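Here the structure comes first, spelled out in structure tokens, and everything after it is commentary.
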Amino acid sequence: MTQPLAPNPLRRGLVEDRTSDACTVVIFGASGDLTRRKLLPALYNLAWQRLLPGGFAVVGVARRDKSDDVFREEMRSAVAAFSHRKPDDAVWSDFARGLTYVRGAASESSTYDALRAHLDRLAAERGTRHSTLIYLAVPPAEFGPIVEGLRAAGLVDPPGRERAGGPWTRVVFEKPFGHDLASARRLNDAVASAFDESQVFRIDHYLGKETVQNLLVFRFANSLFEPVWGRAHVDHVQITVAEDIGVESRGRFYEQTGVTRDIVENHLMQLLCLTAMEPPISLAADAVRDEKVKVLRSLRKMERSEVPRNVVRGQYARGLVRGEDVAAYREEPDVAGDSRVETYVAMRCFVDNWRWSGVPFYVRAGKRMARRVTEIAVVFHDLPHALFHAQDGGIAPNVLAVRVQPDEGIALRFTSKEPGQQTILRDVAMDFRYGATFGSNTPEAYERLLLDAMRGEATLFTRRDEVEEQWAYIDRVLEAWVADGMTPPPTYAAGSWGPEAADDLLARDGRRWRRP
Amino acid sequence: MSETPREVLARVDEELRALWAAAPRPGEVPRARACTVNLIVVADSPALAEAFVPVVEDVVQSMPARALVVGLDPDGADGLEADVSAVCAPAPDGRGAVCSERVHFVARGAACVRVPSVLSTLCRSDVPTTLVWLGHVHADDPTFAPLARDAARIVLDAAHGSLASIANVVYWARARAAAERPGVADLAWTRLAPWQELCARLFDEPRLRPLAGGVTHLTITQASSPGAPLAADGALLLGWLATRLGWRAAAYAGKLRLLRADGGTMSVALRSQPAGAVTSEALQAVRLEARAGDLAMTGEIARDADAATWRLEVHPAGGEPSRLEHRVRLWSTGTGRLLERTLRRPAHDHALAEAVAWADELRGEELACC
């Protein structure tokens, strides 16, 4: 059995932001949109913040033939276009020295041989010590071949060596992780044939957002909220992930997925988990993820016959967004003229456990909605007895709204007396805004997630059982729609808040959607 | 006739309220007041306080605060002056501005001892207070002591004071009950952080880990004239290395020698280099030589303006030496960025307390530039 390595005594007590160990980040799909828009800008910003280790390199892998210099120039343009910090000559020249390119296809064994030789050279020249973070920024169909190629070429270090101070290998997968439960399991099995679960990092970039991370801090670092966080005080919870954009150039992708697979199965389920979970025993990755899995397992399973009553689909028609005419979904490029794919979904879910018994969670996600907003709203019970007379009928319940984006912050709505001789009640809000309190230091989600993956911190990544539980829940809905013959979803005007049926979903319970 | 402290406070209060009372005029951006900390800066001269005002204004751009900057002139004629302003930065969403409040005082003569009372009246409730003290200080100082007792964090700067000042405040803080113990930080210590990180990198590779216990030579080069004593930055670095690696100081025939944890001796040398563009007394280079078993290494970090070259040379017995070299950008040495970094660090830093205590004991020993 390998002995754990003695820690570096000069690391003891260092309080500055921790960089990762020396390593190489290998990006499969280096010519793709994700690499240009997110990954390289995030890595550059980490370099700018001096959060990358001394021995560091980035290797882009893609099919096209190009030199290191061409790759560097392309990446500089990407950083210029998509980074919130534009390339600074001094920072870029240091960073670019570590940027190199390997041509290769996922299915060719020569790709992995070339990659191995390249990584050996980087270890000698840049001190990367053979530790590797492999980022799969490729379509899911290529996940399997790449995993197999890496394994066959001996590019996967077993996890035990890291504990003894040896090199490590980690792999990052982008969503969608599977198309349904069966495909997610197949994919997980393929990944498990090469990697230990501790080496696997499945990204849900929502978890990298500051406000989402703050949800845990807000709930578990304040004694005020946790006692009222449950059925005794909460009437219902609304979670909204609304976008005002359409499918843009992703029509082909959307025809295969729809909003349920694209947003609900991952982002929305994660927001629900973080809202509903019990306090973890620690902040260790598995402790947090154990609690999230418990929430997913507590979700009340819907029988097929119950789906129509609890889930509403929709598809956007023509309408006005930000005052501009926009096309219907069926008129978008690469979308079938008779498409039945949903661009909106609203669901009524129940978390059947002690804390949340009987409390509905209304969740919705949609494209081309009135505005871009993601929020979690906890709506508290009405007053048991109306002591005051409210002029416009009834006193609105207290609402605690966590705004994930934009205007990140937390607002608490409550009732107050308007100054004057009469007792006139008004809804007011205590409003905490990140920007106004902490300035503009919020890092991009991918910066945090990439750095965490390099450090081996997995709390903000989804574990195998989480992914499979998410799919298990969503599969029932998807199967019910298929069994129902995939009838065309009701349409809603672009720029609205969804189809009328979604309003009915809450109206039947005597509630209504917030207008966030 | 100058205003009394009561009159000054009433005016300051009124001016602070007036900053936010008026609606923006047409064309003006809406301003939101924000405050995450009471930032009290006390300098031992009006000129130093004046020079620090832009630093404070820089810091509150990213850390909204009620900033109270005070210049002390204990030898001047009694009097208290104050100037109020808002310091605004564009809101992150581009809509409007986020503003801090800044009050700049000059206290002269007997008014100096009234400063804590004046400042406590102006501190916002329910946000922590940070005291930045620029100058020599003793924990019993009548201006320092009341402010320090109310502060959650005290920031000193060895460049404007001394290692003895820091040690004195560290010991005072240690003696307080845990619930009332402020964190003590030092700007010179924050300045050392990149050097610490680069020194630590020398031993990150697993096979080099044992060499950390086998350092044989340490050379510190500082920006100073020949014969100058070891400055605060170098002393803190030496204290840090010593407390991490278990070194003890011993003097042999007037020369400083260090004993390693394994009982072996090691030498330490101080070299000087003309300051040039670098701040006087700043660190210029650190060189560590170490041996353990069949392995020897030399690590060097050499500063060159805003960057440093990190070199590692490893000599295995009977094998080919290996060399690694990285160029590393150092953090901005601007005082504003340095203070901001300091304020974002954890309040309690045991490594600083240990390093200060170790270096403070060295004061009697001679370690001068050769």
A correct Karplus calculation of ³J(HN,Hα) over segment A:30-35, with 6.51 cos²θ - 1.76 cosθ + 1.60, θ = phi - 60°, whole Hz and x for Gly and Pro, returns 6, 8, x, 5, 4, 4
For peptide B:348-361, the mean count of other chain Cβ atoms within 10 Å per residue Cβ is 1
Filtered hits (lysines, Cα-Cα < 27 Å from A:Lys175, offset >= 8 within chain) -> A:Lys38, A:Lys209, A:Lys292, A:Lys294, A:Lys301, A:Lys367
Checked segment A:391-516 with the C-alpha gyration tensor, a ≥ b ≥ c its square-rooted eigenvalues, rounded below a/c of 1.5, otherwise prolate if a/b is larger than b/c and oblate if not; verdict oblate
Rounded to whole angstrom, the alpha-carbon centroid of segment A:305-358 lies from that of segment A:441-516 at a distance of 10 Å
Listed by chain and number, the residues whose amide H is under 5 Å from that of A:Val58, excluding neighbours fewer than 5 places away on the same chain and using placed H, are A:Val25, A:Leu99, A:Thr100
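Over all residues in B:195-202, what is the mean tally of Cβ atoms on other chains that come within 10 Å of each residue's Cβ?
Counting Cβ atoms of other protein chains within 10 Å of each residue's Cβ and averaging gives 5.
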Applying the gyration tensor rule to the Cα atoms of segment A:21-174 (axes a ≥ b ≥ c; rounded if a/c under 1.5, else prolate if a/b exceeds b/c, else oblate), the class is oblate
Phi angles of segment B:202-219, converted by Karplus (6.51 cos²θ - 1.76 cosθ + 1.60, θ = phi - 60°) into ³J(HN,Hα) in whole Hz with x for Gly and Pro, give 4, 10, 5, 5, x, 5, 8, 3, x, 5, 4, x, x, 5, 10, 9, 10, 10
Karplus-derived 3J(HN,Hα) from phi for segment A:110-119 (6.51 cos²θ - 1.76 cosθ + 1.60, θ = phi - 60°), whole Hz, x at Gly and Pro, runs 4, 4, 6, 5, 5, 5, 4, 4, 5, 5
Mean Cβ-within-10 Å packing, highest first, puts peptides A:333-341, A:41-49, A:380-388, B:48-56 in the order A:41-49, B:48-56, A:333-341, A:380-388
Net charge near A:Glu243 (other residues with Cβ under 11 Å of its Cβ; Lys, Arg +1; Asp, Glu -1) is +1
Here the FRET efficiency for B:Asp304 versus A:Asp503, based on Cβ atoms and R0 = 51 Å and rounded to 0.05, is 0.20
Note to self: C-alpha centroids of segment A:205-223 and segment B:317-336 sit apart, in Å, by 37 Å
Segment B:176-255 and segment A:147-196 have their Cα centres apart by a whole-number Å value of 42 Å
Everything considered on the Cα gyration tensor (a ≥ b ≥ c; rounded for a/c under 1.5, else prolate if a/b is larger than b/c, else oblate), the protein assembly as shown must be described as oblate
Within segment B:96-119, the residues whose backbone N lies under 15 Å from a label point placed 7 Å from the Cα of B:Asp13 along the Cα-to-Cβ direction are B:117-119
Exposed-loop cut sites defined as trypsin sites (Lys or Arg not before Pro) in DSSP loop states with at most 15 other Cβ within 10 angstrom; longest site-free run of chain B spans B:177-370
Comparing B:Ala179, B:Ala110, B:Ala249 in a Gaussian network model of chain B (Cα, 10 Å), the one with the largest mean-square fluctuation is B:Ala179
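Any read-out appearing in this document is the output of simple, stated calculations on the displayed coordinates, not a laboratory observation. In this text, all values refer to a predicted model and were calculated from it rather than measured experimentally. All Cβ positions, even for glycine, are placed from backbone atoms using ideal geometry, and neighbour counts span all protein chains on display.
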